[in-house]
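K.L.:
Take this structure, written in structure tokens, and hold onto it; I'll ask about it next.
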Amino acid sequence: MYTRLSPAALPAAPLPATLADLILPESAGARRAARDIALIVAGSLVVALFAQIKIPLGFTPVPITGQTFAVLLVGALLGGWRGGLALALYAVAGGFLPFFAGATSAWFWLAPSGGYIIGFIPAAALVGYLCQRGWNRRPWILAAMLLGNAVLYVPGLIQLSLFLPADVAAAWGCADVWQCGLLPFIAGDLAKLITASLAVPAGWAALDKLTGRPNSPAD
């Protein structure tokens, strides 16, 4: 005698950890490796594209760019290790290709703003790690973005301080590393991370409608 199980009695299939995993489902072996490599390369190119949105401030060598938005978004979309590797690739490729703000290239350790490029790596990895563990739900996604944004400033301000002796800071029109590398960017960074934190759940919701998946992280 057989007993028919209702759909509600069956175990629910686990949701993919990131949007990238939903759009490009996991496969095995070489195909999976090729997919991950493609996502890492694509993530670095997205950051390079947004880096060309540049607003020089004049009183500091650090411009306002679209990089922060792209870094947080790439981390959330790709997950921890792929997001971190995408930004590591971006940092290395920028030494050869015009990937940095204003279509420039430089070795990041030689640039006043190079510490921020270093900070992009742990920022994307942290956001991705948290999103893989459910922080891509509202309002936790905003907390993940805030933490990632804070992380990137640590190496950014440390390296900028090495390029900012008092006389140079005065010549730029800012008194110290905080005025040159942090305070002017707070409002813009808040706007960018809020936009990124809205884009991720919106992406989940849109894909849920297309695929018919219930109980997504966007709920």
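Read the figures in this text as sums done on the coordinates, not as results from a lab. Note that this is a predicted model, so its numbers are computed, not measured. Cβ sites come from the backbone with ideal geometry, for glycine too, and all protein chains shown count toward neighbours.
K.L.:
Would you work out the charge dipole size for the stretch 19-209 about its Cα centre, treating the Cβ of every Lys and Arg as +1 and the Cβ of every Asp and Glu as -1, and quote it to the nearest 20 debye?
P.N.:
540
K.L.:
Which cross-chain or sequence-distant (5 or more) residues have an amide H under 5 Å from the amide H of I64, H modelled 1.01 Å from N in plane?
P.N.:
Distant-sequence amide H within range of I64: I55, L57.
K.L.:
Separation of the stretch 143-166 and the stretch 56-130 by C-alpha centroid, Å?
P.N.:
If you average the Cα positions of each part, the centres end up 12 Å apart.
K.L.:
If you wrap a convex hull around the Cα atoms of the stretch 19-209, how much volume per residue is inside, in Å³?
P.N.:
Per residue, the Cα convex hull of the stretch 19-209 comes to 103 Å³.
K.L.:
Further question on the same structure: Stretch A205-A191 to full length: gain in nm at 0.36 nm per residue minus the Cα-Cα span?
P.N.:
Stretched out fully, the A205 to A191 stretch lengthens by 2.9 nm.
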